[in-house]
Amino acid sequence: MSAIIGIYGIHDNPAIMEQGAAMMQALSRFPADDEQAWQARSNVFFGCRAQWITPESVGERNPLHDPERGLAVVADAILDNREELCEALGIEAVRRSALTDPELLLLAYDVWGTGMAERLVGDFAFAIWDERGRRLYAARDYSGARTLYFTRDPSSGTVWLSTVMAPLLGLPHLPGALNRQWIAEYLALPYTVDAVDGRMTVHEGIEQLPPAHYLVADALGRLTLKLYCRIEEPREKLKLGSDAEYEEALRDVLGAAVKARLRTHRGVGAHLSGGLDSGSVAAFAARELRARGRALYTFSYVPVADFTDWTPRSRMADERAYISAVVEHAGNIVPEYCDFPDRNPYSDIDDWLDVMEMPYKFFENSFWLKGIFERAAERDIAVLLNGQRGNWTISWGPALDYQTALLKRLRLVRFYRELEGYARRIGVGRRRVLGSVWRRAVGAGASGMRHPVLASPRLLEETGVVERLRRQGLPVQGNVRSAYEARRRLFKQTCFWNLNGTYATKLSLRYAVWDRDPSNDLRVVRFCLSVPEEQCVRDGVDRALIRRAARGYLPDKVRLNQKVRGAQGADGVHRMKAAWPAFIREAQEMLDDEAMRDYLDLEMLKESLLKVREAPKPEYAYDLDFRMLMRGIIFRRFVRLRGRR
């Protein structure tokens, strides 16, 4: 709910107060309902530029100092398990509704100390000053939904913290250089992940607190980071008595997660596509809000009017028919279909670089993501729900990979039943499905394309990044053997969590709109990981548990759909028709820029440009050559903009 800063110096230093004021000034670009600061002597400074999202946050003290306990906190946090925390802390029922989240954080630290973070559920980044222990404690939620950057002066031991990087950039101990190791990983990784090392940032000397970690800086000048939360599939799966009990359990945990995220005194919105995840979240939210006499406002990206869908029959660029079915069936939804006719992936690059403070790779969806935040802000929406993590949690159930696992284990009767049922449900022949499963079984069906490497050979060799990524199990070509491997990797390696939290935090600060994902709730994640696979894939039905559990919430048109999937961003290149000459010119300027040879594989990019330069074919939207050129242009723009500043 806030942009926060913190400074801790081992020794008294009057300059810390001046630095605190300067850092707060750097946050003044963000809209705020209040701005507060707190300092202890001349060595601790906390500041907060607050956006009041929840009812409890209105008029709250943040930073908050409790002289009796000798604790102070500054928090960017919404806690979703408040009742559970209050119960464990012995807080009287009459006090709970008025208790602010910063107050609850202080009480939790007073009882559990540095072990408090593992007890929290929600989206948070905060810092606590412990006067008696003479230490600074900071923590970030398990999936990194909120950002927290830091830097430390090794000569003085002073530590600075900030929600965004801008307030840190001018500090005198920083070299002012780009981080070449981060750049190498960013350019080598084919995924939208920026770097494997969750601490690194694009700026040398500025780090980020990785998801699921806490930080302690003490009076001896020591700085310690520790992982506090591991997410793994349990060895013993959940055992319930019937299918109905599993369905009810999923509805209960998802319903509770949605309800917790409706805590706002302003409007509630939701991203809504034609799929199971966003549809389920919206349907649960609309039902809960109806009981409160409030409506849910949904925002759906749709292609521009003159676009002709070029995607295969199994995909759909325009999901309006499925979205409107959810709206009509669920009720209590005020929909808005957003085509943003004047925007495209190329038009918003500079603005996104300003938002992100770093290069980015997700250009395909960038223009409409930001556009939806703008629309939500115009309608005084404070909470914008989504179901981004749903594929790995509430709607888990990969049919082809499940069939592959059955075949490898020689469970042939079950395998044949699943194959036959799946072929029938998606409307294709059994031989075609068998071919897909066989390729996976023999290792020839790794998901994803072999991805070109954008980094220059010189940079790869200098940084040793290929070997570094190989040791982390992240090949630069991007091939993943199965959905099961991808899921294990997602929950094991915290680097995969950073992206969503980075853009969601920074967009929220600009528009005072919090992006919140019930399918990413820690309780939902742990429940879904505990569910037996046979509940998730059965009789050829993929994502089987959510399809059964959502009966009554979603229309059958959406709930039972296995034949067609959305293809968001399919009109991205079509939108760029008028801008195509400018795009080609900039791509050529990138190839002619010798400064880029140190970073980018210009020879590879030259071949890519030859393939796409003639005309903006709509199918280039998912083309690797176009993707590499766009990512290269975005990176070069970042370097040039940074140089001008």
- Message: Let me spell it out: the conditions are (1) surrounded by 14 or more Cβ atoms within 10 Å (Cβ to Cβ); (2) in contact (Cβ under 8 Å) with a residue 40 or more places away in the chain; (3) not charged (D, E, K, R), and THR308 meets all of them except one. Which number is the exception?
- Response: (1)
- Message: Among the residues of region 431-438, are any surrounded by 21 or more Cβ atoms within 10 Å (Cβ to Cβ) and either within 26 Å of SER314 (Cβ to Cβ) or without any contact (Cβ under 8 Å) to a residue 12 or more places away in the chain (or both)?
- Response: yes
- Subset of region 13-71 (residues that are under 13 Å from SER2 (Cα atoms) and basic (Lys, Arg)): ARG29, ARG49, ARG61
- Task: Just give me the residues in region 345-358 being touching a Lys or Arg at 6+ places or on another chain (Cβ under 8 Å) and either in a helix (DSSP H, G or I) or crowded, with 24+ Cβ neighbours inside 10 Å (or both), in sequence order.
- Result: PRO345, ILE349, ASP350, ASP351, TRP352, LEU353, VAL355, MET356
- Item | Criterion (touching a residue at least 40 places away in the same chain (Cβ under 8 Å) and assigned to a strand (DSSP E or B)) met by exactly one of ILE4, ILE10 | ILE4
- Query: Pick from region 159-181 the residues that are among the small types (Gly, Ala, Ser) and under 17 Å from LEU641 (Cβ atoms): which of them is surrounded by the fewest Cβ atoms within 10 Å (Cβ to Cβ)?
  - Reply: ALA177
- Got at least one residue in region 494-512 being over 30 Å from VAL355 (Cα atoms) and modelled with pLDDT of 95 or more? no
- Query: Which of the following residues is among the aliphatic types (A, V, I, L, M) and crowded, with 24+ Cβ neighbours inside 10 Å: MET24, MET1?
  - Reply: MET1
- Task: Please find, within region 251-288, the residue that is farthest from GLY122 (Cα to Cα) out of those that are surrounded by fewer than 24 Cβ atoms within 10 Å (Cβ to Cβ), aliphatic (A, V, I, L, M) and over 20 Å from the mean Cα position of the chain (by Cα).
- Result: VAL253
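Every residue, every condition in (1) under 30 Å from SER530 (Cβ atoms); (2) touching a Ser or Thr at 6+ places or on another chain (Cβ under 7 Å), yes or no:
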| residue | (1), (2) |
| --- | --- |
| GLY331 | no, no |
| SER347 | no, no |
| TRP352 | no, yes |
| PHE373 | no, no |
| THR393 | yes, yes |
| ALA405 | yes, no |
| LYS408 | yes, no |
| TRP438 | no, no |
| GLY443 | yes, no |
- Got at least one residue in region 132-147 being under 25 Å from ARG510 (Cα atoms), over 17 Å from the mean Cα position of the chain (by Cα), surrounded by 16 or more Cβ atoms within 10 Å (Cβ to Cβ) and not hydrophobic (A, V, I, L, M, F, W, C)? no
- Message: Out of the residues in region 182-204 meeting the condition of being β-branched (Val, Ile, Thr) and modelled with pLDDT of 95 or more, tell me which one is surrounded by the most Cβ atoms within 10 Å (Cβ to Cβ).
- Response: THR201
- Message: So, in region 560-613, exactly how many residues are of a type outside the set (D, E, K, R), touching a residue at least 24 places away in the same chain (Cβ under 8 Å) and exposed (fewer than 14 other Cβ atoms within 10 Å of the Cβ)?
- Response: 2
- Item | Test result for LEU107, out of contact with any Pro (no Cβ under 8 Å at 6 or more places or on another chain), within 26 Å of GLU83 (Cβ to Cβ) and not β-branched (Val, Ile, Thr) | yes
- Out of all the residues in region 524-559, which are closer than 29 Å to GLY371 by Cα and either surrounded by fewer than 21 Cβ atoms within 10 Å (Cβ to Cβ) or among the charged types (D, E, K, R) (or both)? PRO555, LYS557, ARG559
- Message: Here is a list: ALA441, ALA486, ALA423, ALA455. Which entry is in contact with a helix residue (DSSP H, G or I) (Cβ under 7 Å, 6 or more places away or on another chain) and either modelled with pLDDT under 90 or closer than 27 Å to ASP123 by Cα (or both)?
- Response: ALA441
- All helices (runs of 4 or more DSSP H) inside region 530-645 with 1 or more residues being outside the structural domain of MET358 (by TED's automatic domain parsing): 572-575, 580-592, 602-612, 624-644
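The values are calculated or read from the model by the stated rules, or taken from the named source; none is laboratory data. Because the structure is predicted, anything quoted here is derived from the model rather than measured. FYI the Cβ positions are ideal-geometry reconstructions off the backbone, even for glycines, and counts take in every protein chain you see.
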